[in-house]
Amino acid sequence: MRGDAPGDPGRSGVAHLGAPCADRLIDEDRPLEVGSIALSGLHTPGHTPGHYAYRVGDRVLTGDALLIDGCGRTDFQDGDAATLYRSVHDKIFTLPDDTLVYPGHDYEGRRVSSVGQEKERNPRLGGGRDLDAFVALMARLDLPRPRFIDYAVPGNRECGSCPDEIPDSLQQYCDPEAPLRQG
């Protein structure tokens, strides 16, 4: 649930990458209310240009912008380390310290942190690390290119549909009825 339409800045002046299948698009200026629950979008580009975190009461769902003791990579998908740093510091780290942080995933099975904890001990973005040090750190990561990225990103941008040119060896990921094999 992002933005208005591809390239449309929306009311907040923020460029979005709207998914063609979205029923309701969330902008920083237009929270989504479901009963007594209000979901507010925080445009947090850097991992990707259209990345959003979502604030729900005393919680923030950070996706890949801010992970527990880390952050999403910025070396593909039009990512930008300086932009990610500013997004996290200007949007997420300005929330109250007791705001609970729920990242999109965690490689160690952790589920929740807090803004205060991440500001203090996040080895990439916290502990007083400045913008230049963060950009240098991200440039040195030298992470391997994800194996399926050339198919996963276009599929994600099209609401989970498989690209036409997907190799036979990856077709298993396109069939919702097929059990996924590891590997």
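Might you report the magnitude of the Cβ-based charge dipole of the chain about its Cα centre, with Lys and Arg at +1 and Asp and Glu at -1, to the nearest 20 debye? Spell out each step's value before the answer.
On the way: 20 positive and 30 negative charges, 87 e Å.
Roughly 420 debye, rounded to the nearest 20.
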Please identify every one of the GluC sites (Glu not before Pro) in the stretch 95-157 that sits in a loop by DSSP and has no more than 16 other beta carbons within 10 Å of its own beta carbon. 108
Computed over the stretch 23-122, protein heavy atoms only, probe 1.4 angstrom, the accessible area per residue in square angstrom equals 48
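Normalising by the residue count of the chain, find the relative contact order in percent from Cα pairs under 8 Å and 6+ residues apart. Don't skip to the end; give the middle numbers.
On the way: 308 pairs, mean separation 25.8, N = 183.
Across the chain, relative contact order equals 14 percent.
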Considering the options 76, 155, 57, tell which one lies farthest towards the positive end of the dipole of the chain, charges being +1 on Lys and Arg and -1 on Asp and Glu at the Cβ, about the Cα centre. 57
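Antiparallel DSSP bridges in the chain: what percent, to the nearest 5? Please report the intermediate quantities before stating the final value.
Values: 15 of 19 bridges.
Here the antiparallel bridges make up roughly 80 percent for the chain.
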Mind checking which of 57, 104, 72 has the largest fluctuation in a GNM of the chain, springs on alpha carbons under 10 Å? 57
Quick check: at a probe of 1.4 Å, how many percent of the accessible area of the stretch 48-139 sits on carbon and sulfur atoms? 48
Using Cα-Cα distances under 8 Å and only pairs 6 or more residues apart, what relative contact order does the stretch 93-169 have, in percent? 16
Name the residue, out of 32, 170, 84, whose mean-square fluctuation peaks in a Gaussian network model built on the chain with Cα pairs under 10 Å. 170
For residue 166, other-chain or 5+-apart residues with amide H closer than 5 Å (H placed, Pro excluded) are none
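The values are calculated or read from the model by the stated rules, or taken from the named source; none is laboratory data. No experiment lies behind these values; they were computed from the predicted model shown. Neighbour counts are summed over all protein chains in view; Cβ atoms, including those assigned to glycine, are modelled from backbone coordinates with ideal geometry. Each accessible area value is taken on the protein alone, full model and side chains, heavy atoms only, with ligands, DNA and RNA left out. Shrake-Rupley method; radii C 1.70, N 1.55, O 1.52, S 1.80 Å.
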